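A.B. asks: Next up is a structure, given as structure tokens.
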Amino acid sequence: MPSPTYVPLANVTLGSTASSVTFSSISQSYRDLIVITNGLCTVTGDESVAQYNGDTASNYSFVQMYGTGSSAASNSGNNTFVGAGRCSTSGTTSILHIFDYSATNKHKTSLSRGDNGGTISSAQVGRWANTAAITSVKITALSGVYSAGATFALYGVAA
Amino acid sequence: MYIPFGVFSAGAGTTAFTSDYDLISSTILGSDTSLISFDLTGLGSTYKHLQLRYVARSSSGSTPDYIYSRFNGVSSSTYTAHWMYGNGSSVLTNYATNSNLFYAGWDSASSLATGAFGAGILDLVDVFSTTKNKTMRSLSTSVNNIVLMSGAWNATTLVTSMTLQNYSGGNFITGSRFSLYGIKG
């Protein structure tokens with residue numbers, strides 16, 4: 001008998017504006033986590049970012065690649081978060097994959113796609129330079145706030 | 001009675017759960033390994049597509065290292081790939097046609113900080129078709145690069161195996177992980 005492989009762990013639909021959404025007490029029973037966001041927010045072309053286990057220090061790094069319809073560019077750096085996609089006033093589709101989140105012998109690598117049909121298409125790699133298992137994920141709108149109706153879904157992918 | 005999301009309660013003697021996205025195999029390396037092999041024989045009767053999710057680091061210092069694949073052990077010049085990548089300062093693109101391997105994704109090099117692993121998601125759509133060439137796409141990273149890659153094996157042959165190796169010749173190091181999922185259609 002097959003076991004659940006792609007398991008919904010939590011689902012949030014905002015009833016009012018919020019600057020962030022946090023998934024906490026995350027089960028350690030899976031291999032990867034996936035956060036899917038329809039990022040309706042108050043600033044067009046805004047970013048969604050992720051932080052783990054309440055870490056707000058500069059323990060994250062990223063490389064991003066994006067296209068605006070007229071040009072393509074890449075940037076990188078150290079930061080206090082990793083990219084989790086995009087958000088905008090018209091909504092976006094963003095998917096954040098967090099690999100081996102429960103491992104305690106690896107830094108945490110993430111891959112995200114953020115697509116806002118109105119302004120940008122982007123992909124980003126993130127690394128949290130910490131071997132601790134991830135037990136919470138906080139998704140934050142970088143410039144504005146999320147609007148009512150924005151949705152956030154957390155999935156566990158089986159080991 | 002509360003029914004957990006994704007689980008359907010049924011009468012005694014019937015299947016309580018159906019799945020269309022199944023874990024086929026998952027390996028975490030206990031030692032450095034040069035070749036990862038998947039036996040795909042017979043899977044086409046159940047699955048239409050495959051997805052490989054991996055976390056990998058090469059023993060080579062080359063950065064990034066390319067993970068390449070072959071179907072059915074075929075090493076003739078029947079593979080093609082195109083990719084674009086961001087390295088933190090610019091977006092670049094490259095390709096390989098009539099190649100004897102197909103580029104599946106990138107992994108991290110030994111020169112990176114301890115604990116830093118590359119990762120990727122490789123989708124093989126209609127991989128068991130015997131009327132279509134085999135196509136794939138991937139999103140992957142070597143940690144200091146991010147790459148979108150597409151590839152093709154120009155053959156309608158039934159796929160029965162897939163292998164992965166580092167292009168540099170380096171091993172996949174201990175702790176690297178390869179998980180294969182089957183998707184029904």
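Readers should treat all values here as calculations from the given coordinates under stated rules, not as data from a laboratory. Not measured: the values here are computed from a predicted model. Every residue, glycine among them, receives a Cβ derived from its backbone with ideal geometry; neighbour counts consider all protein chains shown.
A.B. asks: If you plug each phi of segment A:9-14 into the Karplus form 6.51 cos²θ - 1.76 cosθ + 1.60 with θ = phi - 60°, what whole-Hz ³J(HN,Hα) values come out, in order, with x for Gly and Pro?
C.D. replies: 9, 7, 9, 10, 10, 6
A.B. asks: When only C-alpha pairs under 8 Å and at least 6 residues apart count, what is the relative contact order of chain B, in percent?
C.D. replies: RCO, chain B: 37 percent.
A.B. asks: Under the Karplus relation 6.51 cos²θ - 1.76 cosθ + 1.60, θ = phi - 60°, what is the ordered set of whole-Hz ³J(HN,Hα) values for segment B:154-163, x standing for Gly and Pro?
C.D. replies: 7, 7, 9, 4, 5, 7, 10, 7, 9, 10
A.B. asks: Student exercise: in the protein assembly as shown, how many lysine pairs 8 or more apart or on different chains have Cα atoms under 30 Å apart?
C.D. replies: Final tally of qualifying lysine pairs is 8.
A.B. asks: With an 8 Å cut-off on Cα pairs and a minimum separation of 6 or more residues, tell me the relative contact order of chain A in percent.
C.D. replies: Relative contact order for chain A comes out at 42 percent.
A.B. asks: If we count other beta carbons within 10 Å of each Cβ, what is the order of A:142, A:111, B:35, fewest first?
C.D. replies: Placing the least packed residue first, the sequence is B:35, A:142, A:111.
A.B. asks: When Cβ neighbours within 10 Å are restricted to other protein chains, what is their mean count per residue of peptide B:139-145?
C.D. replies: Mean shielding count: 6.
A.B. asks: Which longest uninterrupted range of chain B lacks any trypsin sites (Lys or Arg not before Pro) assigned by DSSP to a loop state (not H, G, I, E or B) and surrounded by at most 13 other Cβ atoms within 10 Å?
C.D. replies: B:1-131
A.B. asks: Please list, by residue number, every one of the trypsin sites (Lys or Arg not before Pro) in segment A:105-134 that is coil in DSSP and has at most 14 other beta-carbon atoms within 10 Å.
C.D. replies: none
A.B. asks: If you don't mind, another one. Distance between Cα centroids, segment B:110-161 to segment A:123-153: provide it in whole Å.
C.D. replies: 26
A.B. asks: Please turn the phi angles of segment A:38-51 into ³J(HN,Hα) values with the Karplus equation 6.51 cos²θ - 1.76 cosθ + 1.60 (θ = phi - 60°), one per residue in order, whole Hz, x for glycine and proline.
C.D. replies: Along segment A:38-51, the couplings run 9, x, 7, 9, 8, 10, 5, x, 7, 10, 9, 10, 10, 10 Hz.
A.B. asks: What does the highest-first list of B:164-175, A:39-50 look like by mean Cβ count within 10 Å?
C.D. replies: A:39-50, B:164-175
A.B. asks: What share of all Cα pairs of the protein assembly as shown, in percent, falls into each consecutive 20 Å distance bin?
C.D. replies: 31, 58, 11, 0
A.B. asks: Let me know the mean shielding of A:4-12 by other chains, meaning the per-residue number of their Cβ atoms within 10 Å of its Cβ.
C.D. replies: 4
A.B. asks: Okay, next question. Let me know the mean shielding of B:111-121 by other chains, meaning the per-residue number of their Cβ atoms within 10 Å of its Cβ.
C.D. replies: Per residue, the average neighbour count from other chains is 6.
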